[in-house]
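Reading through the structure tokens given below for one structure.
Read-outs: derived from the displayed coordinates by stated rules, not from any lab. Here the structure is a predicted model, which means the values were calculated and not measured. Ideal geometry is used to build each Cβ from the backbone, glycine not excepted, and the neighbour counts take in all protein chains shown.
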Amino acid sequence: MGAPSTNNRHLLLEDRPPPSIPALQRLPGKARPRQEVLRECEAETAEMRGHIPRVLWDFLIPDLTRAFRWRVQLDCGCVPEVLTREGCAPPHEMRWEEHLHGSRLPLGQMICQHDDSPPPPYRVIAEWGKRREVAFPADPVEPPDHIDPKVWPVLRHDEPHTSAFWKVTLACGHVEEAIAPSLDWRPASGPHRTDPLRVQQMSAEFEEAWRANPELQTERDREHTRRMLADGWPSPEPERLCYTCPQVRMILAYERIGWLVPRQRKAEKTANTAPTPSRSTLERRLRKAEAEAERLRAELDRI
């Protein structure tokens, strides 16, 4: 039987016990019918062919005859099925895709979403990656529902503008995006910091706002704000919310199911399936072969 559920969906990775090496074992429950999974995969590949040029089919569309099925047990208790290609490593030794940013998760992690997952935590930016520019129209005069009307005039862009977004890798190994303070900003430039006197004023203003309205920010956001003030209110911020961490689960165990398309058994050779002759038959054949050999030797001597 499989390992019991650890009910870790309320915990982030750093709060969970260190995972052991996933074991190959029989897991609870049963695999889905193969034909049902095959029909779904064939429908997906057919849809892909409608969007991908034919010349790229061999590179971008998976070959279902080389797909192998697995079941994996996650630390949230779920047991999903996954597919790998022929010759690939077991599921826990692969880097599975995180589709929001098209990145790969660290080894042994998979996405499994739950409504009762914890809120996203702040993570330090460990690496800056690719950059892209996005053009925005002018903001409306009326503020969005989630923004204070008194704050909106400060945040609002009354003209079209363009912002630079950078793909960043966080200390947890997951990928998010950060907004640069200007189009010409580069990671080598370092963050821009606010005047120290202004930072002192901001600190006092925040503390007063928190006393007046304790629910203005969550404890998580309040601690983040204090860290940014202590660091001189840097821009861009060295921390980002990681929306992947709450949805990531660790693989605890895995089970083989089999090929998605069954392999054809090779036909056995006729020689292997023919009945073995009796001893008397073999002795008769041997005497005949020896007599023929003796005749040939005598003929060679005459020549």
In degrees, nearest 10, the alpha-carbon axis of helix 279-302 is tilted away from the dominant principal axis of the alpha carbons of the chain by 70 degrees
Computed FRET efficiency, Cβ-Cβ of GLU215 and LEU183, R0 25 Å: what is it to the nearest 0.05?
0.10
Can you tell me which of 172-178, 50-56, 188-194 comes out highest on packing, and rank the rest after it, using the mean Cβ neighbours within 10 Å?
172-178, 188-194, 50-56
If the only charges are +1 at each Lys and Arg Cβ and -1 at each Asp and Glu Cβ, what is the size of the charge dipole of the chain around the Cα centre, to the nearest 20 debye?
2620 debye
Hey, of (i) 45; (ii) 57; (iii) 67, which did the structure itself give for percent of Cα pairs over 26 Å apart when calculated?
(iii)
Please state the shape class of region 55-159: rounded when a/c is under 1.5, otherwise prolate if a/b exceeds b/c and oblate if not, all from the C-alpha gyration tensor.
prolate
Please state the shape class of region 193-233: rounded when a/c is under 1.5, otherwise prolate if a/b exceeds b/c and oblate if not, all from the C-alpha gyration tensor.
oblate
Do any cysteines of the chain lack a neighbour Cys whose Cβ is under 4.7 Å away, and which are they?
CYS41, CYS76, CYS78, CYS88, CYS112, CYS172
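Can you figure out the FRET efficiency of GLU14 with GLU44, using R₀ = 25 Å and their beta-carbon distance, to the nearest 0.05?
My answer for the efficiency is 0.10.
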Taking the Cβ-Cβ separation of THR84 and LYS130 as r and a Förster radius of 35 Å, what is the calculated FRET efficiency to the nearest 0.05?
0.80
Expressed as an acute angle from 0 to 90° and rounded to the nearest 10, what is the orientation of the C-alpha long axis of helix 34-49 relative to the principal long axis of the chain?
60 degrees
Could you state the angle between the C-alpha long axis of helix 219-230 and the longest principal axis of the C-alpha atoms of the chain, as a value from 0 to 90 degrees rounded to the nearest 10?
70 degrees
Pick out, from ALA126, HIS161, ALA43, the residue whose Cα sits farthest towards the positive end of the charge dipole of the chain, with +1 on the Cβ of Lys and Arg and -1 on the Cβ of Asp and Glu.
ALA43
Projecting the Cα atoms of THR194, SER278, PRO246 onto the charge dipole of the chain, where Lys and Arg contribute +1 and Asp and Glu -1 at Cβ, the residue farthest towards the positive end is SER278
